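Step one of this worksheet: look at the structure below.
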Amino acid sequence: MSPTAMVALEQYFPEKQRIIEDDVAYRILPFGMRSIVWLMRFNSLRNRMIRVTRNNTPGLWGGMLCRKRYIDEKLVESANQVNAVVNLGAGFDTRAYRLPALSNMPVWEVDQPENIKSKRNRLCKLFGAVPSHVSLVSIDLDREELGSVLASYGYSEDMRTFFIWEAVTQYLTETGIRATFDFLAKAGHGSLLAFTYIRKDFLDGRIMYGWENIYKKYVRDKIWLFGMDPEEWPDFLERYGWKVVEHVGYEELAERYIRPTGRELASTPVERIVFAEKI
């Protein structure tokens, strides 16, 4: 829920200062999180929260908002090139409910059973039912075969698909990563993939990038499991039939999306994003 809560908080800023627009984020959150976000409508509380986050984990706030804005733009730009969307680890993501480009396109939102159950409850309260173009798919990517599970919900590998894999790869084992790419290797020619990943030098403890607190909480406790060095991705993807179209760090995204707002929000080199095409 946390990334969606950040997006909801962003809507309290004046329009010209917002990094991302989202009129669904607040409403889709469960009551407890909505209550916290509601309190943050006060500038003093909101700015204090952002300041605390910035001090504890430099660049986290800006990085999350930038990656969402980037994927939004790629989705809209590619809407006439694909005929389906699969969101892997969708969480409380709102794209299927707020982007007009997706309103008539089948969308499969994939996540762990408890997350899917919670989201289904919220969607039913918001819209009366899960919107007809969306299928909510329960799965454990480390233990279940993605292709067969999606097929049982009506997905076909023949579809030219835009795959979203946002803030998920670090939570999987390498076995889970490779199993997912085994599935992606069967995607239709011209399919697109936007995914984020954590740098391996951070997971290995070689460079902290000012994220010592995150390292202690997520890496030492074995919550984040997978990372990759940036230069390894082109060869890795090629083995599964994909090519890198764009590979950007969040510092570059901050120049695109944060600097024009005039806000002083740092970004982070720990996480990066890849946009790829199936060849």
Can you give the log10 of the normalised intensity I(q)/I(0) at q = 0.17, 0.21, 0.28 Å⁻¹, computed with Debye over equal Cα scatterers of the stretch 29-97? -0.86, -1.06, -1.24
For the stretch 121-279, compute Rh as the Kirkwood radius over C-alpha pairs and then the Stokes-Einstein diffusion coefficient at 20 °C and 1.002 mPa s; write the answer in µm²/s, rounded to an integer. 121 µm²/s
Pair Q81, D158: separation of 7 Å Cα→Cβ label points (nm): 2.3 nm
Is it possible to state the helix-based mean residue ellipticity at 222 nm for the chain, with each DSSP H run of 4+ residues giving -39500 (n - 2.57), the sum divided by total residues, to the nearest 500 deg cm²/dmol? What is it? -11000 deg cm²/dmol
Relative contact order, percent, the chain [alpha-carbon distance under 8 Å, six or more residues apart]: 20 percent
Report Rg (one decimal) and Dmax (nearest whole number) for the chain, counting Cα atoms only, units Å. 18.2, 51
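With charges set only on the Cβ (+1 for Lys and Arg, -1 for Asp and Glu), what does the dipole of the chain come to about its Cα centre, in debye to the nearest 20?
Details: 38 positive and 37 negative charges, 259 e Å.
Computed charge dipole of the chain: roughly 1240 debye.
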Mind listing the Cα extents of the stretch 1-66 along all three principal axes, in Å, largest one first? 28, 24, 21
Is there a pair in K117/K200; K200/K278; K16/K222; K217/K278; K119/K222; K216/K243 whose C-alpha atoms are over 28 Å apart, and which pairs would that be? K117/K200; K16/K222; K217/K278; K216/K243
Let me check I've understood the local charge: for E271, count other residues with C-beta under 9 angstrom from its C-beta, Lys and Arg +1, Asp and Glu -1. What total comes out? +3
Could you let me know the centre-to-centre spacing of the stretch 6-26 and the stretch 119-180, using Cα atoms, in angstrom? 26 Å
Express the accessible area of the chain per residue in Å², computed with a 1.4 Å probe while the remaining protein chains stay in the model. 46 Å²
Read phi for every residue in the stretch 85-92 and hand back ³J(HN,Hα) as whole Hz from Karplus 6.51 cos²θ - 1.76 cosθ + 1.60, θ = phi - 60°, with x for Gly and Pro. 10, 10, 9, 8, x, 5, x, 9
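Full extension from D235 to E252: what is 0.36 nm times the residue separation minus their Cα-Cα distance, to one decimal in nm?
Full extension of this stretch gives 3.8 nm more.
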In the P(r) worked out for the stretch 214-279, what percent of Cα pairs fall beyond 17 Å? 57 percent
Would you work out which of Y171, T196, V134 lies farthest towards the positive end of the dipole of the stretch 115-215? Charges go on Cβ: Lys and Arg +1, Asp and Glu -1. V134
A 1.4 Å probe over the protein heavy atoms gives the chain a carbon and sulfur accessible-area percentage of 49 percent
Dipole of the stretch 4-43 [Lys/Arg +1, Asp/Glu -1 at C-beta], most positive-end residue of L9, V24, M40: M40
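At a 10 angstrom cut-off on C-beta neighbours, averaged per residue, how do the peptides 88-94, 28-34 rank from highest to lowest? Kindly include the intermediate steps, with their values, before the conclusion.
On the way: 88-94: 23.0, 28-34: 15.9.
Sorting 88-94, 28-34 by mean packing, highest first, produces 88-94, 28-34.
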Residue span E212 to T175: 0.36 nm per residue of separation minus Cα-Cα distance leaves a gain in nm of 10.6 nm
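The values are calculated or read from the model by the stated rules, or taken from the named source; none is laboratory data. Note that the coordinates shown come from a computational prediction; the quantities given were computed from them, not determined experimentally. A quick note on method: Cβ atoms are made from the backbone with ideal geometry, for glycine too, and the neighbour counts reach across all protein chains shown. Calculation scope for accessible area: heavy atoms of the full protein, side chains included, ligands and nucleic acids excluded. Shrake-Rupley method; radii C 1.70, N 1.55, O 1.52, S 1.80 Å.
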